[in-house]
């Protein structure tokens, strides 16, 4: 390759890759740099000129503030509740859709429809469903003689109610991922196991589940990251209450930055949260890959 060909080669590379790299730097790496810098300052969005360097004081404030600790705890409990519910439910539905059973097309549409619906729309819809007086859920409970629930105002019921809403929305996405994994399993293996006398449960345990470990790793990590980033339900459905039981970290960052005018502390919380989410994702991938190797 002569000099002119090299120039044309790198010019073509720059034309195709350059815009992506510019957008990546502008909308991802530069905001991260700004967040890291802002976390070391104390200032207000109403007066950006008055910035005071405080070093690591914002990070110390996170440890000393019980509200920040509660936000992290609530977010992790929410993520655990969503993941441990979505995984078995979506896997079961994927097994059903992968078989030769009736009404698969209808079930596929019903399950996946919430995924393409805006979270804000879903949260607004569940606001009416969870209404203590005239909501559909409480009306159904009252019809069969059960006690009405106070989803929005009871600190023991608010978080499970939001978990149920997110499970309903995210199950379809996880189902599609599991279904794609199931369709990639060679039919010869299942046919051979069937000929050898393996029951359906044995085929699922010893063939399907081990071969789906890569898909399971991906689904668990994706569902965890999605759950940790939850924001709209707290904004629309509960307002972070009652008593902070649905004050998720993303919503807490929003409140700190725009309502309390403490963007420096909000940036510090964002940095810590980003590091924690990254660490959790790496640990999950490591653990599940070890299990995949053992399987």
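The table for this structure:
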read-out: Residue within region 111-123 that is within 23 Å of residue 200 (Cβ to Cβ) and at pLDDT below 85 present; value: yes
read-out: Number of the condition not met by residue 154 [criteria: (1) in contact with a helix residue (DSSP H, G or I) (Cβ under 7 Å, 6 or more places away or on another chain); (2) closer than 18 Å to residue 234 by Cβ]; value: (1)
read-out: Candidate set from region 115-137 (those that are part of a helix (DSSP H, G or I) and without any contact (Cβ under 8 Å) to a residue 24 or more places away in the chain); member that is farthest from residue 149 (Cα to Cα); value: 116
read-out: Residue ranges of helices (runs of 4 or more DSSP H) in region 150-216 with at least 3 members surrounded by 18 or more Cβ atoms within 10 Å (Cβ to Cβ) and either modelled with pLDDT of 85 or more or not assigned by TED's automatic domain parsing to the domain that holds residue 226 (or both); value: 158-183
read-out: In region 247-288, residue farthest from residue 36 (Cα to Cα) [restricted to those that are in contact with a helix residue (DSSP H, G or I) (Cβ under 9 Å, 6 or more places away or on another chain) and assigned to a loop (DSSP other than H, G, I, E, B)]; value: 247
read-out: Residue 78 buried (at least 21 other Cβ atoms within 10 Å of the Cβ), over 16 Å from the mean Cα position of the chain (by Cα), touching a residue at least 40 places away in the same chain (Cβ under 8 Å) and assigned by TED's automatic domain parsing to the domain that holds residue 183; value: no
read-out: Where residue 130 falls short, out of the listed (1) at pLDDT 80 or above; (2) over 27 Å from residue 221 (Cα atoms); (3) surrounded by fewer than 19 Cβ atoms within 10 Å (Cβ to Cβ); value: (3)
read-out: Residue satisfying all of: in region 38-64; touching a residue at least 40 places away in the same chain (Cβ under 8 Å) and loosely packed, with under 12 Cβ neighbours inside 10 Å; farthest from the chain's Cα centre (by Cα) among these; value: 46
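The values are calculated or read from the model by the stated rules, or taken from the named source; none is laboratory data. These numbers come from a predicted model, not from an experiment. Counting neighbours? That spans all protein chains shown, and the Cβs are built from the backbone with ideal geometry, glycine included.
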